[in-house]
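The values are calculated or read from the model by the stated rules, or taken from the named source; none is laboratory data. Please read all numbers here as calculations on a predicted model, not as lab measurements. Here the Cβ positions follow ideal geometry from the backbone for every residue, glycine too, while neighbour counts run over all protein chains shown. Just the protein is used for accessible areas: all its heavy atoms, side chains included, with ligands, DNA and RNA removed. Shrake-Rupley method; radii C 1.70, N 1.55, O 1.52, S 1.80 Å.
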Amino acid sequence: MRFRPMSGLLKSVGTIGGLTMVSRIFGFARDMLLSRILGAGGVADAWQLAFQLPNIFRRLFAEGAFAAAFVPLFNQRMTKEGDHSEARAFADAVLAVLIPILIVFSALLLIVMPWIMHLFASEALRADREKFDLTVAMARIAFPYLAFMSVATLFAAILNSLSRFAAAAAAPILLNICLVAALLIGMATGDGGEAAKAATGLYLAISVSIAGLFQLVWLLFWVRRSGFRPALRRPQLTPGVREMGVLILPAVFGAGVYQISRFVDLFFIAMLPDKSITYLAMADRLNQLPLGIIGIALGTAILPALSRFVALDDRDGASRLQSNAVELAMLLTVPAAVALFIAGPAITSAFYVGGQYSVADGLATGAVVGGLVVGLPAYVLVKVLVPNFFARKDTRTPVWTAAISLLINIGLNLALIPSLGIVGLALAGSIAAWCNVAMLYAILHRRGLFRLTGRVAGRIARIILAAAAMAVALIYAIPLAGDAFVGGVVERIVALGAIVGLGAVIFFGCAMLFGVVNRDTIGQLRRRKL
């Protein structure tokens with residue numbers, strides 16, 4: 001059979017990205033409710049801080065280190081002929097060791113939670129003892145989510161290794177449904193006062209842990225449907241578990257630089273004025289929409305495929321797959337980043353302003369969006385390039401590049417925050433991400449593992465030109481909408497639809513004119529097959 005790497009990649013990315021988009025839509029609904037019910041500052045800041053800890057750990061572990069270490073080893077065993085008994089035994093051994101580690105880790109974090117929250121809380125939050133205690137309570141209630149999701153990650157990695165991406169991609173929808181339900185309960189039972197806001201915060205924390213349990217049960221069901229029946233065994237440090245342990249420790253840093261930088265950001269945010277953490281969280285929702293849909297989808301889809309090419313010693317196949325992933329990443333992220341940079345304040349105003357969230361809050365959030373999306377293509381490219389190392393069981397090299405980029409991030413924070421505030425923090429992370437991309441590519445190029453061809457480089461240049469044409473159109477079009485972005489519901493929908501439609505028409509029109517895409521490509525994307 002003739003190998004067509006873009007066909008399989010498009011299908012996998014389409015499946016993961018489509019379901020991730022559904023989750024992100026629910027996430028938008030969640031944040032729109034959150035902004036109107038809690039506003040910015042006070043309880044809103046307390047909730048954002050409480051939710052950050054389990055959520056960052058979840059992203060670091062679920063979307064980074066665990067999959068990076070587990071998938072290549074699991075796939076190595078899956079490529080062997082037979083009934084895959086070795087792969088099943090490996091998964092069971094990892095599960096047996098994972099559960100006690102999670103119990104001990106979670107218990108320790110619950111005990112030291114007040115000190116952790118004190119480290120990351122802003123001065124205003126620390127000064128208000130009642131809100132600080134609420135923050136600690138919400139963090140403790142929500143923290144079991146991490147344990148549930150860590151076990152769920154094992155099941156998701158098995159499904160992804162079997163190229164069954166849909167169930168794992170759909171799981172996050174359950175989290176946003178639970179959070180939306182908690183907000184609706186809070187809105188129905190509260191009067192908008194501080195006590196009602198505090199109660200809503202507790203509802204949110206409870207819903208997070210419930211959502212983690214739901215996702216665990218959901219993925220276990222689909223793993224069993226796939227023919228794997230995970231069994232609880234006595235923990236043993238088998239050779240496979242020890243090999244994974246060697247890989248996972250550096251992978252925590254190498255695959256999770258974006259999330260580790262979030263911890264650094266929390267430390268710096270604590271020095272900034274009230275509302276800063278809410279502005280960053282709301283802005284990151286817009287940034288996470290394309291990052292989650294494209295970055296997670298590409299990173300998830302490419303690692304099993306690369307692992308199989310490496311196991312078969314097919315260097316040409318691995319290189320073709322990597323080139324396709326880079327080109328697809330740029331085609332999807334560059335226009336998204338440019339559009340969000342130009343239209344960020346308009347979009348945040350349309351989505352968030354109302355109730356407790358003021359026009360000034362919406363504009364401030366839009367400015368933070370601009371700083372974040374400068375690095376959007378870089379964050380996705382990191383997720384595309386790092387699997388090339390992980391597929392070869394090299395988790396150390398990304399550690400060094402991540403460490404250097406993190407130091408760059410800290411230095412830029414110190415330089416930019418005094419003058420730009422929370423926007424400077426967002427911009428610092430974006431610049432550091434581009435530095436990480438440059439280092440990863442340079443190392444792959446030097447080792448002969450991946451080189452950007454002239455054809456791909458030329459197509460990327462034309463993608464940038466098409467995005468630039470779209471930017472010019474948006475710059476002139478957005479002021480014509482006047483106050484529609486903060487008007488009634490119909491006005492906001494029409495204004496958003498107009499700028500999104502205009503941006504899409506200009507970009508894809510220019511992309512077709514420049515030869516980046518054609519009708520056949522659009523048809524392939526629509527059908528998800530060649």
Between residue 396 and residue 490, what FRET efficiency follows from the Cβ-Cβ distance if R0 is 56 Å, with the result rounded to 0.05? 0.50
Give me the 1.4 Å probe accessible area per residue for the chain, excluding ligands and nucleic acids, in Å². 41
Taking 0.36 nm per intervening residue step and subtracting the Cα-Cα distance, what contour gain separates residue 229 from residue 480 on full extension? 84.5 nm
Ranking 241, 474, 23 by how far each Cα lies towards the positive end of the charge dipole of the chain (+1 on Lys and Arg Cβ, -1 on Asp and Glu Cβ), the top one is 241
Please report the orientation-averaged projected area of the stretch 151-277, defined via the convex hull of its C-alpha atoms, in nm². 11.4
For the stretch 86-173, report the translational diffusion coefficient in µm²/s to the nearest whole number, using Stokes-Einstein at 37 °C, 0.692 mPa s, and a Kirkwood Rh over Cα pairs. 213
Can you give the accessible area of residue 445, probe radius 1.4 Å, in Å² rounded to 10? 70
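Could you work out the relative contact order of the chain? I mean the mean sequence separation of Cα pairs under 8 Å and 6+ apart, divided by the number of residues, in percent.
The value is 22 percent.
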Rg [Å, one decimal], Dmax [Å, integer] - the stretch 318-476, C-alpha atoms: 17.7, 56
Return the ratio Rg/(2.2 N^0.38 Å) for the stretch 25-157, where Rg is computed over Cα atoms only. 1.34
Environment charge of residue 35, counting only residues whose C-beta is closer than 14 Å and scoring Lys/Arg +1, Asp/Glu -1: +2
Report the one residue of 395, 151, 421 whose Cα lies farthest in the direction of the positive end of the charge dipole of the chain (charges on C-beta: Lys and Arg +1, Asp and Glu -1; origin at the Cα centre). 395
With charges only on Cβ, +1 for K and R and -1 for D and E, what is the dipole size of the chain about its Cα centre, in debye, rounded to 20? 1980
Lysine pair count for the chain [Cα-Cα under 23 Å; pairs on different chains or 8 or more apart]: 7
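Calculate the dipole size of the stretch 188-248 relative to its Cα centre from +1 charges on Lys and Arg beta carbons and -1 charges on Asp and Glu beta carbons; express the result in debye to the nearest 20.
About 580 debye.
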Per the Kirkwood definition applied to all pairs of different Cα atoms, how many angstroms is the hydrodynamic radius of the stretch 390-444? 11.8
Distance from the Cα centre of the stretch 204-228 to that of the stretch 100-117, in angstrom? 22
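Only Lys, Arg, Asp and Glu count, each charged at its Cβ (+1, +1, -1, -1), so figure out the dipole size of the stretch 386-474 about its Cα centre, rounded to 20 debye. Mind showing how you got there, number by number?
Working: 9 positive and 1 negative charges, 109 e Å.
Its charge dipole is roughly 520 debye.
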5 Å binning of all Cα-Cα separations within the stretch 118-223, expressed as whole percents from 0 upward: 2, 13, 18, 17, 16, 13, 9, 7, 4, 1, 0
Translational diffusion coefficient of the chain at 37 °C, 0.692 mPa s, Stokes-Einstein with Kirkwood Rh over Cα pairs, in µm²/s as a whole number. 138
